[in-house]
Amino acid sequence: MRQLCSQVAETLGLVLSGECADDLLQSLQIVAVDPAPDASQLLVTVRAGMPGETIDPDDAMERLTGIMGKLRCEVAAAITRKRAPKLIFRVL
């Protein structure tokens with residue numbers, strides 16, 4: 001389970017920082033990926049990447065929701081499971 005969460009965190013971090021043309025999404029940092037309640041659904045905690053930087057959590061959630069399909073596709077390609085887990089985001 002820990003390996004899956006680590007793979008998902010790494011993949012999401014790469015996608016958000018490099019493959020995303022949105023400045024707000026590029027500034028997000030993956031804090032943690034945890035089973036919620038199991039590997040079929042993962043809770044992804046993100047925050048503003050720079051110390052002292054603030055972001056609007058509602059705006060960040062809206063933008064993350066807008067690219068959810070891409071994120072799940074990237075996660076599915078990176079992990080070795082039949083189904084990509086559902087991703088639930090929490091913005092700090």
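Readers should treat all values here as calculations from the given coordinates under stated rules, not as data from a laboratory. Predicted, not measured: the structure shown is a model, and the values here were computed from it. Cβ placement follows ideal geometry from the backbone for every residue including glycine, while neighbour counts extend to all protein chains displayed.
Remarks
- Residue order, fewest to most surrounding Cβ atoms within 10 angstrom, among 82, 70: 82, 70
- Packing-based exposure ordering (other Cβ within 10 Å, fewest first) of 61, 1: 1, 61
- [x] 5.5; [y] 10.1; [z] 11.7, with the label sought being that of the calculated mean projected area of the Cα convex hull in nm²: [x]
- Normalised contact order of the chain, rounded percent, pairs of Cα under 8 Å and 6 or more residues apart: 33
- For the pair residue 50 and residue 90, the difference between a 0.36 nm per residue extended length and the Cα-Cα distance amounts to 12.7 nm.
- Net charge in the neighbourhood of residue 14 (other residues with Cβ under 13 Å of its Cβ; Lys, Arg +1, Asp, Glu -1) is -2.
- Rounded to the nearest 20 debye, the dipole size of region 2-91 about its Cα centre is 600 debye, using +1 on the Cβ of Lys and Arg and -1 on the Cβ of Asp and Glu.
- Subtracting the Cα-Cα distance of residue 41 and residue 1 from their residue separation scaled by 0.36 nm leaves 13.2 nm.
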